[in-house]
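J.: I have a structure here, written as structure tokens, and I will follow up with some questions on it.
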């Protein structure tokens with residue numbers, strides 16, 4: 001069962017302190033090359049994959065990894081949970097996958113080289129993480145060694161990712177690669193005796209802290225690389241700057257007036273914002289829309305939620321009843337991704353933590369309809385698997 005906590009930091013810390021973790025008999029600790037001479041790769045558990053790839057399955061049984069070429073930027077966020085800040089990735093992929101920051105550090109001579117390939121796993125694995133530990137993790141390590149990688153920076157997104165990133169660190173170090181885990185779950189890193197960990201107090205989904213802030217992201221990476229100077233491990237250091245979900249101003253993002261009075265306001269809004277979405281797509285060359293529906297299907301999908309909000313039974317509005325919970329979950333994922341991505345194009349000013357999520361559910365007609373439909377399902381005593389994941393945990 002997926003564990004989700006929204007913005008409840010206390011609940012996430014409590015979960016991290018008690019979640020089952022695999023045990024490792026030994027903490028390998030590799031130190032074999034100066035940073036300025038080392039080739040560096042990124043491994044992330046954000047489930048990143050190219051637009052053309054099939055991506056990762058929902059659940060905890062997909063342990064494969066995707067190869068991300070150094071020059072690839074058309075990436076989807078394949079980790080589908082509604083309960084981490086996806087707006088950061090929509091604004092700047094480097095907040096999860098700091099590939100451009102590595103390129104800049106290589107130009108400065110801080111690192112020796114950027115690896116030709118980087119890798120993505122899904123963070124939501126089983127409690128033992130056995131498949132990654134025994135199969136895909138060692139296989140990925142062998143690929144990096146064959147490409148002469150020396151150092152691996154490992155990032156995650158959701159509350160389950162810390163267990164997976166720490167497992168990968170153990171696997172990679174045992175194979176002969178030096179690793180640095182960037183994690184918000186110090187409790188997991190300590191319990192798993194990870195070789196090196198930079199503990200960051202950032203909201204989930206923001207591994208490098210601040211989207212579109214190159215200076216801050218570089219500071220995080222340099223603090224992570226500083227751990228390579230330790231003569232032995234395990235070593236865990238705290239990044240000195242914290243970020244909370246309440247930091248920053250609300251998103252300054254104007255919404256269009258109703259253009260077609262014959263359409264429901266939520267449908268009209270989605271149609272009117274389409275040009276902004278395509279501007280964002282042209283600018284970033286990436287989108288996370290497509291888990292369940294296409295951009296063209298968003299107005300029709302909203303009409304289904306309008307019917308639920310107005311009292312129709314969710315089994316009679318046009319969703320496939322064969323896997324209705326998964327279908328609705330994926331549909332809301334795509335609607336929300338559509339809005340959050342275009343918001344990053346329209347926003348005036350920085351993108352603060354959780355601010356695209358707040359804007360979507362609090363300010364847009366689409367977000368409000370989804371919340372209304374969610375409440376209608378909950379109040380009708382529908383199974384929680386149908387409605388809980390349609391909004392961030394903690395929302396009414």
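J.: How many of the residues making up the range 349-396 are under 29 Å from residue 213 (Cβ atoms) and touching a residue at least 60 places away in the same chain (Cβ under 8 Å)? Lay out the reasoning, then the answer.
T.: Residues of the range 349-396 under 29 Å from residue 213 (Cβ atoms): 349-364, 366-367, 391-395.
After this cut, where a residue has to be touching a residue at least 60 places away in the same chain (Cβ under 8 Å) as well, the list is 349-359, 363-364, 366, 391-395.
Within the range 349-396, residues that are under 29 Å from residue 213 (Cβ atoms) and touching a residue at least 60 places away in the same chain (Cβ under 8 Å) number 19.
J.: Can you tell me which residue among 298, 324, 308 is surrounded by fewer than 19 Cβ atoms within 10 Å (Cβ to Cβ), over 20 Å from the mean Cα position of the chain (by Cα) and touching a residue at least 40 places away in the same chain (Cβ under 8 Å)?
T.: Details: 298 fails: surrounded by fewer than 19 Cβ atoms within 10 Å (Cβ to Cβ); 308 fails: surrounded by fewer than 19 Cβ atoms within 10 Å (Cβ to Cβ).
Selected residue: 324, the only one of 298, 324, 308 that is surrounded by fewer than 19 Cβ atoms within 10 Å (Cβ to Cβ), over 20 Å from the mean Cα position of the chain (by Cα) and touching a residue at least 40 places away in the same chain (Cβ under 8 Å).
J.: Scan 28, 64, 49 and give me the residue that is in a loop (DSSP other than H, G, I, E, B), at pLDDT 75 or above and more than 15 Å from residue 166 (Cβ to Cβ).
T.: Numbers: 28 fails: more than 15 Å from residue 166 (Cβ to Cβ); 49 fails: in a loop (DSSP other than H, G, I, E, B).
It is 64.
J.: Let me ask another. Which residues, taken from the range 303-317, are more than 9 Å from residue 372 (Cα to Cα) and not in a helix (DSSP H, G or I)? Can you show your working first?
T.: Our first condition is that a residue be more than 9 Å from residue 372 (Cα to Cα); within the range 303-317, this holds for 303-304, 307, 311-317.
If the condition is that a residue be more than 9 Å from residue 372 (Cα to Cα) and not in a helix (DSSP H, G or I), then 311, 312, 313, 317 are the ones that fit.
J.: I've got another one for you. Take the residues in the range 220-234 that are crowded, with 18+ Cβ neighbours inside 10 Å and at pLDDT 95 or above; name whichever of them is farthest from residue 33 (Cα to Cα).
T.: Here is the first cut: in the range 220-234, the ones crowded, with 18+ Cβ neighbours inside 10 Å are 220-221, 223-225, 227-228, 233.
Among the residues that remain, those that are also at pLDDT 95 or above are: 220-221, 223-225, 227-228.
On the way: 220: 21, 221: 18, 223: 18, 224: 16, 225: 12, 227: 13, 228: 10 Å.
Restricting to residues being crowded, with 18+ Cβ neighbours inside 10 Å and at pLDDT 95 or above, the top hit is 220.
J.: Just to be sure, is residue 343 over 14 Å from residue 295 (Cβ atoms) and modelled with pLDDT of 95 or more?
T.: In short, yes.
J.: Could you check residue 317 against (1) over 26 Å from the mean Cα position of the chain (by Cα); (2) within 25 Å of residue 47 (Cβ to Cβ) and say which number it fails?
T.: (2)
The values are calculated or read from the model by the stated rules, or taken from the named source; none is laboratory data. This one's a predicted model, so the numbers in the text were calculated from it and none came from an experiment. We place every Cβ from the backbone using ideal geometry, glycine too, and count neighbours over all the protein chains shown.
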